[in-house]
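Read-outs: derived from the displayed coordinates by stated rules, not from any lab. Computed from a prediction, not measured in an experiment: that's the story for all the values here. Positions of Cβ are generated from backbone atoms using ideal geometry, with glycine treated the same way; all protein chains shown enter the neighbour counts.
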Amino acid sequence: MQAMIELTNICKTFNKDRSNQVMALKDVDLRVETGEIVAIMGPSGSGKSTLLHILAMLETSDSGKYLLGGKDTAGLKDRQKAALRNKNIGIVLQEYGLVGELSAQSNVEIPLIIAGEGLGSSKRKALEALKEVDLADKAQTRAGLLSGGERQRVAIARAIVTDAQLILADEPTGAVDTKNGLAIMELFLKLHKNGKTIVIVTHNPEIAAMCQRTVYVEDGWIKYEYNS
Ligand SMILES: Nc1ncnc2c1ncn2[C@@H]1O[C@H](COP(=O)(O)OP(=O)(O)OP(=O)(O)O)[C@@H](O)[C@H]1O
Ligand SMILES: [Mg+2]
């Protein structure tokens, strides 16, 4: 079967032209099969978010190759990347990336509106997604007024609302309590059962153990991997 993700020799350096250079990723090879659920673990600053941003095509590597669904992403223009992302990738960023002035529901509607979905079905689907993260009661609350854990759940609802084949989540349970964390993980496991490919960055070994495989990143390298 075609791998969903195939990274080869990915390098990423920040502040390339200045003295305080950071080699965030060094020669990273990563293959994620279609339908797999994978955890990425590693210390703070090891390059996990950078790796996820590259997978989401929000960041471009300096060198190396990235095949997404077998398609080389190298030649894509920003517009093409944005369209691919909108259609195929659900992303939960570490900082959530919500619009504080908009309601929870409106935030979740954004990727659907971008995809050209009608207003009525966008609203309906957004509410369904908020129900999945147990936040339907806060649908009309402005995102900026929500607690950290609630904002995190809105970000998850937004990532799943388009029914994307690939879900990338950066510490999706980092801001919630154990009970909500488990509920979120159960949601991801349900999506995985329905055939989605899922990559989750986590500091929590229990969350990682619920995935099929853990990739351990340290100092910009993939140090080791193991199956759960
Ligand atoms: N835009 C940037 N400009 C400069 N340096 C950056 C940038 N983004 C990340 N870095 C650096 O790259 C390294 C990897 O950062 P990254 O955010 O990927 O780590 P992380 O593993 O996600 O950490 P955490 O667990 O704290 O979220 C760090 O040293 C960070 O300071
Ligand atoms: Mg991070």
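In region 170-180, how many are more than 16 Å from ligand 1 (Cβ to nearest atom) and under 23 Å from Gly47 (Cα atoms)? Full working, then the answer.
Taking region 170-180 as the starting set, the residues that turn out to be more than 16 Å from ligand 1 (Cβ to nearest atom) are 176-180.
Of the ones still in play, those that are also under 23 Å from Gly47 (Cα atoms) are 176.
Count: 1.
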Checked against (1) touching a residue at least 60 places away in the same chain (Cβ under 8 Å); (2) farther than 19 Å from Leu52 by Cβ, Asn180 satisfies every condition except (1)
State whether one or more residues within region 119-134 are hydroxyl-bearing (Ser, Thr, Tyr) and within 16 Å of ligand 2 (Cβ to nearest atom). no
Residue count, region 67-97, condition in a loop (DSSP other than H, G, I, E, B), away from ligand 1 (no atom under 16 Å from the Cβ) and in contact (Cβ under 8 Å) with a residue 60 or more places away in the chain, comes to 2
Of Asp17, Asp27, the only residue that is of a type in the set (D, E, K, R), more than 16 Å from ligand 2 (Cβ to nearest atom), over 19 Å from Gln165 (Cβ atoms) and surrounded by 14 or more Cβ atoms within 10 Å (Cβ to Cβ) is Asp27
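Within region 40-66, restricting attention to residues that are more than 15 Å from ligand 1 (Cβ to nearest atom) and of a type outside the set (Gly, Ala, Ser), which residue is nearest to Glu171 (Cα to Cα)?
Met57
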The condition of being more than 21 Å from Asp134 (Cα to Cα) and out of contact with any Ser or Thr (no Cβ under 7 Å at 6 or more places or on another chain) holds, among His192, His203, only for His203
Restricting attention to region 1-39, the residues that are out of contact with any helix residue (DSSP H, G or I) (no Cβ under 6 Å at 6 or more places or on another chain) and either more than 25 Å from His192 (Cα to Cα) or within 15 Å of ligand 1 (Cβ to nearest atom) (or both) number exactly 19
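Filtering region 113-129 down to residues that are of a type outside the set (Asp, Glu) and either within 17 Å of the chain's Cα centre (by Cα) or outside any helix (DSSP H, G or I) (or both), which residue is nearest to Ala155 (Cα to Cα)?
Residue satisfying both the conditions and the ranking: Ala129.
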Being hydrophobic (A, V, I, L, M, F, W, C) and either part of a helix (DSSP H, G or I) or more than 18 Å from the chain's Cα centre (by Cα) (or both) narrows Met4, Met23, Met57 down to just Met23
